[in-house]
1. Consider only pairs whose beta carbons are under 6 Å apart and that are at least six residues apart or on different chains; among these, list those whose first residue lies in the stretch 158-184 and is in the same structural domain as residue 133 (by TED's automatic domain parsing) and in a loop (DSSP other than H, G, I, E, B) and whose second residue is surrounded by 10 or more Cβ atoms within 10 Å (Cβ to Cβ) and modelled with pLDDT under 85.
2. What about residue 21, is it within 17 Å of the chain's Cα centre (by Cα), touching a residue at least 12 places away in the same chain (Cβ under 8 Å) and in a helix (DSSP H, G or I)?
3. Are any residues in the stretch 8-28 surrounded by 15 or more Cβ atoms within 10 Å (Cβ to Cβ) and within 19 Å of residue 105 (Cα to Cα), and if so, which ones?
4. Go over the candidates 52, 92 one by one and state the one that is buried (at least 17 other Cβ atoms within 10 Å of the Cβ), closer than 24 Å to residue 117 by Cβ and out of contact with any strand residue (DSSP E or B) (no Cβ under 6 Å at 6 or more places or on another chain).
5. Please give the number of the condition residue 77 fails out of (1) surrounded by fewer than 20 Cβ atoms within 10 Å (Cβ to Cβ); (2) in contact with a strand residue (DSSP E or B) (Cβ under 7 Å, 6 or more places away or on another chain).
6. Count, please, the residues in the stretch 44-83 that happen to be over 13 Å from the mean Cα position of the chain (by Cα), in contact (Cβ under 8 Å) with a residue 40 or more places away in the chain and under 24 Å from residue 106 (Cβ atoms).
7. Taking the residues in the stretch 140-157 that are exposed (fewer than 10 other Cβ atoms within 10 Å of the Cβ) and either out of contact with any strand residue (DSSP E or B) (no Cβ under 9 Å at 6 or more places or on another chain) or part of a helix (DSSP H, G or I) (or both) as candidates, determine which candidate is modelled with the lowest pLDDT.
């Protein structure tokens, strides 16, 4: 379950966001200030929804800090709809910029899109990703949306072969060689 840090000083909006995110299968953490948000940074946060206008600091500065010091992707969520603010937010490291008011279904789609992109670029974690499917090569386990998927050894080897050669053509011979060791 993906952990989403919601940094929003409007308690009512924060509550609504958290309830909707939970209904969509996420685990939301609410922070009404940057001070509260910092306390969650060691909790394995997968994504941060960040308001720019906060009572105890600048969301842009916090976004820059997250971008420079963590691998946590950030979606800025703000009433500021000017082009200059959007350009600034994206140039300091935000992965997306959403203006209020917004539709929840579109926000959820944007969250999932950012998480997909991030999963496909995680270096060194020993996993291969394709959409919401994860193969942990260290443990030989497969997960879809963080739920374990039971596969036979040959199914696992075939999936692994295909993901290791994503966007490449695999010949019948390569498949037979990998799965059944036809050469002995």
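The values are calculated or read from the model by the stated rules, or taken from the named source; none is laboratory data. What you see is a predicted model; the values in this text were computed from it and never measured. Backbone-built Cβ (ideal geometry, glycine too); neighbour counts: all protein chains shown.
1. none
2. On the way: within 17 Å of the chain's Cα centre (by Cα): yes; touching a residue at least 12 places away in the same chain (Cβ under 8 Å): yes; in a helix (DSSP H, G or I): yes.
Judged against the criteria, residue 21 is a match.
3. Kept after step one, since they are surrounded by 15 or more Cβ atoms within 10 Å (Cβ to Cβ), are these residues of the stretch 8-28: 8-9, 13-14, 17-18, 20-21, 24, 26-28.
Those that are surrounded by 15 or more Cβ atoms within 10 Å (Cβ to Cβ) and within 19 Å of residue 105 (Cα to Cα): 8, 13, 14, 17, 18, 20, 21, 24, 26, 27, 28.
4. Values: 52 fails: out of contact with any strand residue (DSSP E or B) (no Cβ under 6 Å at 6 or more places or on another chain).
Just a single option satisfies the conditions, and that option is 92.
5. Residue 77 satisfies all of (1) surrounded by fewer than 20 Cβ atoms within 10 Å (Cβ to Cβ); (2) in contact with a strand residue (DSSP E or B) (Cβ under 7 Å, 6 or more places away or on another chain) except (1).
6. Residues flagged as over 13 Å from the mean Cα position of the chain (by Cα), in contact (Cβ under 8 Å) with a residue 40 or more places away in the chain and under 24 Å from residue 106 (Cβ atoms) within the stretch 44-83 amount to 7.
7. The qualifying residue modelled with the lowest pLDDT is 147.
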